[in-house]
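The values are calculated or read from the model by the stated rules, or taken from the named source; none is laboratory data. In this text the structure is predicted, and so the values were computed from the model without any measurement. Here the Cβ positions follow ideal geometry from the backbone for every residue, glycine too, while neighbour counts run over all protein chains shown.
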Amino acid sequence: MATPDSPSSGYIRALPTLSRAAELIDVSPAGVTRGIEELGLEPIPWGRREKHLDVEDLLRLAAHLRRASVEEVAGGLLEVVERDHPEQVDAINAGIDSFFDSLPSRHAEQSDRFVAELREALPERYAKRAEAIYLRHAASS
């Protein structure tokens, strides 16, 4: 019986089993088990033997195992859920969004360092032109 704080049974069934996670990440089931142990993840038990991975844990595992990209795994999961559990697409998509929102933002390389590298690598007149082009594009982005 689901409590107010526990996920619904439909949601849990839409989450990937460990064997489905292995397919999505493109590793063996043993690789998934090892990764789960290394990260200290807690699969969600379902029934007597079946275990499911929460969306964020699946994506964290994909990043850790580095076989398929996290984006590929998220897309594959959405395809499966759209096909097999369409009523859970919004909930699964929210988990995917939550994972990506929790990642630290990427910072562009410092322009001073990049410009210094341009000056080092190119003859002066080309370096000045390349710097001007770079700064114009950097300012507009």
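Things worth noting here:
- Residue that is nearest to ASN93 (Cα to Cα) [pool: residues in segment 4-47 that are within 19 Å of the chain's Cα centre (by Cα) and of a type in the set (Lys, Arg)]: ARG20
- Pairs where the first residue, in segment 37-51, is within 17 Å of GLY10 (Cα to Cα) and the second is in a strand (DSSP E or B) and of a type outside the set (Lys, Arg), C-beta under 7 Å, 6+ apart: PRO43/HIS52; ILE44/HIS52; TRP46/HIS52; GLU50/THR17; LYS51/THR17; LYS51/ILE44; LYS51/PRO45
- In segment 10-34, the residues that are part of a helix (DSSP H, G or I) and among the aliphatic types (A, V, I, L, M): ILE12, ALA14, LEU18, ALA21, ALA22, LEU24, ILE25, ALA30, VAL32
- Extreme residue, surrounded by the most Cβ atoms within 10 Å (Cβ to Cβ), among residues of segment 66-115 that are modelled with pLDDT under 85 and among the polar types (S, T, N, Q): SER111
- Within segment 59-80, residues that are over 20 Å from GLY40 (Cα atoms) sit with their Cβ atoms under 7 Å from residues that are outside any helix (DSSP H, G or I), at 6+ positions apart or across chains, in these pairs: ALA68/ASP26; LEU77/PRO16.
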